[in-house]
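The values are calculated or read from the model by the stated rules, or taken from the named source; none is laboratory data. The model shown is predicted, which means the values in this text are computed figures rather than measured ones. So basically every Cβ, Gly included, is an ideal-geometry build from the backbone, and we count neighbours across all protein chains shown.
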Amino acid sequence: MHDRFRTVSGFIVKNMQVGEYDASITILTTEYGKMRAIGRGAQSLKSRRRTALQPLTKSTLLLERHPEQWYVREAQIEKNLTMIEERQKQIVF
């Protein structure tokens, strides 16, 4: 039997907007490989999870399993690597 809740640590690889405020998140974890989850309200300016669900961020996530999809319930930043992306842009241009 599968657990309804799962805590994972991983890198946010992709964050695509779904609807007005939700996001489809792709997470790369060592325990479970590539996972996908929906972050409800993650694109809202007032969302507490917004920064923890940005690409190139290592985060700890509490995921809740629904029949066909995982949903992000909590997210906390472990390490933010967006500075690498900014440095790459400076070097390339």
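Summary of values
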{"read-out": "Failed criterion for ALA23 (all others in (1) on the phi > 0 side of the Ramachandran plot; (2) in contact with a helix residue (DSSP H, G or I) (Cβ under 8 Å, 6 or more places away or on another chain) hold)", "value": "(1)"}
{"read-out": "Scan of the range 48-77 for residues that are assigned to a loop (DSSP other than H, G, I, E, B) and either in contact (Cβ under 8 Å) with a residue 12 or more places away in the chain or charged (D, E, K, R) (or both), ordered by number", "value": "ARG48, ARG49, ARG50, GLN54, PRO55, LEU56, GLU68, GLN69"}
{"read-out": "Yes/no for ALA37 being crowded, with 16+ Cβ neighbours inside 10 Å and part of a helix (DSSP H, G or I)", "value": "no"}
{"read-out": "Single unsatisfied condition, ASN80 versus (1) surrounded by 14 or more Cβ atoms within 10 Å (Cβ to Cβ); (2) at pLDDT 85 or above", "value": "(2)"}
{"read-out": "Filtered residues of the range 1-31 (kept if exposed (fewer than 15 other Cβ atoms within 10 Å of the Cβ) and either charged (D, E, K, R) or within 13 Å of TRP70 (Cα to Cα) (or both))", "value": "HIS2, ASP3, ARG4, PHE5, THR7, LYS14, GLU20, GLU31"}
